[in-house]
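Enquirer: Next up is a structure, given as structure tokens.
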Amino acid sequence: MKKKKWYNYLWIAELLYLILGLTNILFAWLGMLFFTIPLLIAIFGGGKAYCNRYCGKGQLIGILGTKLKLSRNAPPPKFLRSNWFRYGFLTFFMIMFFLMLYSTYNVFAGAPLQEAVTLLWVFKLPWQWAEVSMVAPWFAQFAFGFFGIMLTSTILELITMVLFRPKSWCVYCPMGTMTQGICKLRHGKELKAYGRTSQNDCGTSETSGQ
Amino acid sequence: MNKSPNIAHIGSECVACGCCVLVCPKDAIHIAFGITAQVDEEKCVGCKKCSKECPADVITMMKRGMHSEKKEMV
């Protein structure tokens, strides 16, 4: 049994974030940390340390799927790990993110605030109980949009956790795809020099200099 | 010490999520450059824990020493 470290409990932060967001939509802004920290770590040479250690989402679905045995633990379909699907999903996710930013801009420019959280990019969930009068409408609009993205990813996480292996979301998580892409751009040549490329086999230590 | 006949082999579609690293009882796997998992042949005992955990299902067990030659699934 490996000794637990402080970052093994970051699933609590993820759970707390969802609860806080449901309590007050403005807490959705905290989710920007889950977006920016992985990117900054990857950009500044930390690789996928966020996915590997600090991702509360991954830990949470790991606990639900493994400890609570909510997962079928079945191998996922092959397309899930293919580059076309992973980068296609990332592209789709980013388009939806920028559309959310555009609607935030519209509210900034004078359009009325839409007090709804969009789930799975289609279903608009009325969220009129939120108290957002203390902030600028555009600030609240971003919170509604962003919390919709976070809830959507949570729903997808849970579905794939139940259907396949617990952490199946990690295979096509847009943040994971993006950070791995950054690492490939930064270190692809180093890895090749190290003994292999991401295009070829990557399991032996014979040529990896270890 | 006798080495196990089989060791883990990481497929090319590894997403470097690190799930295998967490479950490996021998610390035989690490994530190289944030791009892919890599197995230390010397440490790997072929317990299959990583292949059962891998969410991308890209880890297979292979005969030791077969990596750079023709792949043989076991």
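Enquirer: Between A:Trp138, A:Trp121, A:Trp169, which is within 14 Å of chain B (Cβ to nearest Cβ) and either of a type in the set (S, T, N, Q) or touching a residue at least 12 places away in the same chain (Cβ under 8 Å) (or both)? Step through it out loud before you land on a result.
Expert: Details: A:Trp138 fails: within 14 Å of chain B (Cβ to nearest Cβ); A:Trp121 fails: within 14 Å of chain B (Cβ to nearest Cβ).
On inspection, the qualifying residue turns out to be A:Trp169.
Enquirer: Across segment B:7-20, what is the total count of residues that are touching an Asp or Glu at 6+ places or on another chain (Cβ under 7 Å) and in a loop (DSSP other than H, G, I, E, B)?
Expert: So the count comes out to 1.
Enquirer: Test A:Gly58 against the stated conditions and say whether it is in contact with a Cys (Cβ under 7 Å, 6 or more places away or on another chain) and either among the small types (Gly, Ala, Ser) or modelled with pLDDT under 95 (or both).
Expert: Values: in contact with a Cys (Cβ under 7 Å, 6 or more places away or on another chain): yes; either among the small types (Gly, Ala, Ser) or modelled with pLDDT under 95 (or both): yes.
Yes: the conditions hold for A:Gly58.
Enquirer: Go over the candidates A:Met94, A:Met100 one by one and state the one that is in contact (Cβ under 8 Å) with a residue 60 or more places away in the chain and on the phi < 0 side of the Ramachandran plot.
Expert: Numbers: A:Met100 fails: in contact (Cβ under 8 Å) with a residue 60 or more places away in the chain.
None of the other options fit; the residue is A:Met94.
Enquirer: Out of A:Val117, A:Val122, I need the residue that is in contact with a Lys or Arg (Cβ under 8 Å, 6 or more places away or on another chain) and not small (Gly, Ala, Ser). Which one?
Expert: Details: A:Val122 fails: in contact with a Lys or Arg (Cβ under 8 Å, 6 or more places away or on another chain).
None of the other options fit; the residue is A:Val117.
Enquirer: Sticking with this structure for a sec: Name the residues in segment A:55-81 that are surrounded by fewer than 15 Cβ atoms within 10 Å (Cβ to Cβ) and of a type in the set (D, E, K, R), would you?
Expert: A:Lys67, A:Lys69, A:Arg72, A:Lys78
Enquirer: Taking segment A:111-149 as the region of interest, how many residues are within 20 Å of the chain's Cα centre (by Cα), surrounded by fewer than 22 Cβ atoms within 10 Å (Cβ to Cβ) and part of a helix (DSSP H, G or I)?
Expert: 1
Enquirer: State yes or no: is B:Val74 closer than 15 Å to A:Cys170 by Cα and either surrounded by fewer than 20 Cβ atoms within 10 Å (Cβ to Cβ) or at pLDDT 95 or above (or both)? If you could, list the steps in order and put the result at the bottom.
Expert: Numbers: closer than 15 Å to A:Cys170 by Cα: no; either surrounded by fewer than 20 Cβ atoms within 10 Å (Cβ to Cβ) or at pLDDT 95 or above (or both): yes.
Judged against the criteria, B:Val74 is not a match.
Enquirer: Answer yes or no as to whether B:Ser4 is among the small types (Gly, Ala, Ser), more than 25 Å from A:Lys184 (Cβ to Cβ) and surrounded by fewer than 24 Cβ atoms within 10 Å (Cβ to Cβ). Show your work before the answer.
Expert: On the way: among the small types (Gly, Ala, Ser): yes; more than 25 Å from A:Lys184 (Cβ to Cβ): yes; surrounded by fewer than 24 Cβ atoms within 10 Å (Cβ to Cβ): yes.
It is true that B:Ser4 is among the small types (Gly, Ala, Ser), more than 25 Å from A:Lys184 (Cβ to Cβ) and surrounded by fewer than 24 Cβ atoms within 10 Å (Cβ to Cβ).
Enquirer: Looking at segment B:11-38, which of its residues are facing chain A (nearest Cβ under 7 Å), crowded, with 22+ Cβ neighbours inside 10 Å and out of contact with any helix residue (DSSP H, G or I) (no Cβ under 8 Å at 6 or more places or on another chain)?
Expert: Once the filter is applied, which keeps residues that are facing chain A (nearest Cβ under 7 Å), crowded, with 22+ Cβ neighbours inside 10 Å and out of contact with any helix residue (DSSP H, G or I) (no Cβ under 8 Å at 6 or more places or on another chain), segment B:11-38 yields B:Cys14, B:Gln38.
Enquirer: Give the residue, chosen from A:Leu125, A:Leu156, that is of a type in the set (A, V, I, L, M) and within 16 Å of A:Met96 (Cα to Cα).
Expert: Details: A:Leu125 fails: within 16 Å of A:Met96 (Cα to Cα).
None of the other options fit; the residue is A:Leu156.
Enquirer: If you don't mind, there's one more thing I want to ask. State which residue is nearest to A:Tyr172 (Cα to Cα) when the search covers only segment B:21-50 and only residues that are out of contact with any His (no Cβ under 9 Å at 6 or more places or on another chain) and not in a loop (DSSP other than H, G, I, E, B).
Expert: B:Thr36
Enquirer: Taking the condition closer than 19 Å to A:Gly62 by Cβ and of a type outside the set (A, V, I, L, M, F, W, C), does B:Lys52 pass? Write out each step before concluding.
Expert: On the way: closer than 19 Å to A:Gly62 by Cβ: yes; of a type outside the set (A, V, I, L, M, F, W, C): yes.
Criteria met by B:Lys52.
Enquirer: Related question: So, of the residues in segment A:39-54 that are among the aliphatic types (A, V, I, L, M) and without any contact (Cβ under 8 Å) to a residue 60 or more places away in the chain, which turns out to be surrounded by the most Cβ atoms within 10 Å (Cβ to Cβ)?
Expert: From segment A:39-54, those among the aliphatic types (A, V, I, L, M) are A:39-43, A:49; that's our starting set.
From the residues that got through so far, the ones that are without any contact (Cβ under 8 Å) to a residue 60 or more places away in the chain too are A:40, A:49.
Details: A:Leu40: 12, A:Ala49: 19.
The extreme case among them is A:Ala49.
The values are calculated or read from the model by the stated rules, or taken from the named source; none is laboratory data. Just so it is clear, the structure is predicted and the values come from calculations on it, not from any experiment. No Cβ is skipped: glycine too gets one built from the backbone with ideal geometry, and neighbour counts run over all protein chains shown.
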